[in-house]
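Working notes, structure below.
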Amino acid sequence: MAAEFTILGRGRAGRALAEAWTGRAQLLEHTADPAGLVILAVPDRAVPEVAPRFPGRCVHLAGSLHLPGVPCAHPLTSFDGRARDWTGTPLAITGAVPDDLRRAFGDLGFAAFDLPAELKPVYHAAAVLSSGHAATLWLGAEALLRAQGVALPGRGLLPLAEATLRNVAERGAAGRTGPFARGDEASIARDAEALPEAWREVFLKLGRILG
């Protein structure tokens with residue numbers, strides 16, 4: 001069976017989507033020049049250079065980038081190079097993504113919604129806060145403990161992170177716990193004093209940002 005479309009770029013996103021669309025999509029290097037519909041799974045900085053090679057028949061995946069005349073389909077997930085269950089994962093659509101590609105993403109469980117170009121920066125910033133920054137906080141917390149010789153047994157901080165996300169998913173803001181949510185200023189002061197200055201500032205600002 002001939003492939004329905006091509007994915008350019010062998011990074012984590014390209015490999016994951018190609019595996020999920022086995023038989024429907026061919027995965028090629030970003031230097032290839034295939035016919036038909038093309039998904040640009042290349043670094044954001046490469047999109048303006050690659051897109052003009054496929055006028056009117058390519059879609060890019062860059063969540064914060066808008067190129068007039070080049071539609072975007074941004075999956076709101078963190079790819080690891082393998083096909084996963086993406087049921088219910090938002091897919092931000094900006095511009096006229098071809099119907100065949102919209103259906104292909106839908107077949108993988110993605111939930112498409114229209115995102116105006118002018119809202120892409122704040123949308124992507126929110127994604128970074130909930131993904132990249134969340135990972136930085138988690139890894140930083142592990143590093144702080146490790147620096148003091150504290151080695152957590154079992155799965156470490158992961159059960160806490162999982163329980164927190166589950167509570168917030170189920171209860172919204174009411175699922176937030178900890179000294180800032182309780183207004184426990186004594187605990188906040190003790191915790192802040194124990195942190196290096198850079199982390200102390202992050203700790204206090206993030207804790208109070210929602211009021």
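Would you pick out the residues in the range 107-130 that are surrounded by 13 or more Cβ atoms within 10 Å (Cβ to Cβ) and in contact with a strand residue (DSSP E or B) (Cβ under 7 Å, 6 or more places away or on another chain)? Across the range 107-130, the qualifying residues are Phe110, Ala111, Ala112, Leu115, Ala117, Lys120, Tyr123. Assess whether Ala134 counts as being closer than 23 Å to Pro68 by Cα and under 15 Å from the mean Cα position of the chain (by Cα). Answer is no for this residue.
Of all residues in the range 5-20, those that are in a strand (DSSP E or B) have Cβ atoms under 6 Å from Cβ atoms of residues that are modelled with pLDDT under 95 and surrounded by fewer than 20 Cβ atoms within 10 Å (Cβ to Cβ), 6 or more apart or on another chain, in Leu8/His30.
Kindly indicate the residue of the range 176-211 that is of a type outside the set (D, E, K, R) and more than 23 Å from Glu142 (Cβ to Cβ) and also surrounded by the fewest Cβ atoms within 10 Å (Cβ to Cβ) among those meeting that condition. In this case the residue turns out to be Gly211. One residue stands out in the range 96-106 among those that are in contact (Cβ under 8 Å) with a residue 24 or more places away in the chain and in a helix (DSSP H, G or I): the one that is surrounded by the most Cβ atoms within 10 Å (Cβ to Cβ), namely Phe105. Test His133 against the stated conditions and say whether it is in contact with a strand residue (DSSP E or B) (Cβ under 8 Å, 6 or more places away or on another chain) and not aromatic (Phe, Trp, Tyr). So His133 does not fit the description; no. Taken over the range 144-160, the criterion of being surrounded by 11 or more Cβ atoms within 10 Å (Cβ to Cβ) and part of a helix (DSSP H, G or I) is satisfied by Leu144, Leu145, Arg146, Leu158, Pro159, Leu160.
All conditions in (1) assigned to a helix (DSSP H, G or I); (2) under 25 Å from the mean Cα position of the chain (by Cα); (3) among the charged types (D, E, K, R) hold for Asp191, with the sole exception of (2). Screening Pro34, Pro43, Pro68 for residues that are more than 21 Å from the chain's Cα centre (by Cα) and closer than 25 Å to Ala126 by Cα leaves exactly one candidate, Pro68. Residues in the range 186-197 that are under 11 Å from Leu144 (Cβ atoms) and hydrophobic (A, V, I, L, M, F, W, C): 2 in all. In the range 114-137, the residues that are among the aromatic types (Phe, Trp, Tyr) form Cβ pairs under 7 Å with partners that are not in a strand (DSSP E or B), at six or more places apart or across chains, as follows: Tyr123/Gly63; Tyr123/Leu115. The condition of being closer than 28 Å to Ile7 by Cβ and touching an Asp or Glu at 6+ places or on another chain (Cβ under 6 Å) holds for only one of Leu65, Leu108, that being Leu65.
The values are calculated or read from the model by the stated rules, or taken from the named source; none is laboratory data. All values reported here derive from a predicted model rather than from experimental measurement. Cβ: placed from backbone, ideal geometry, glycine included. Neighbour counts: every protein chain shown.
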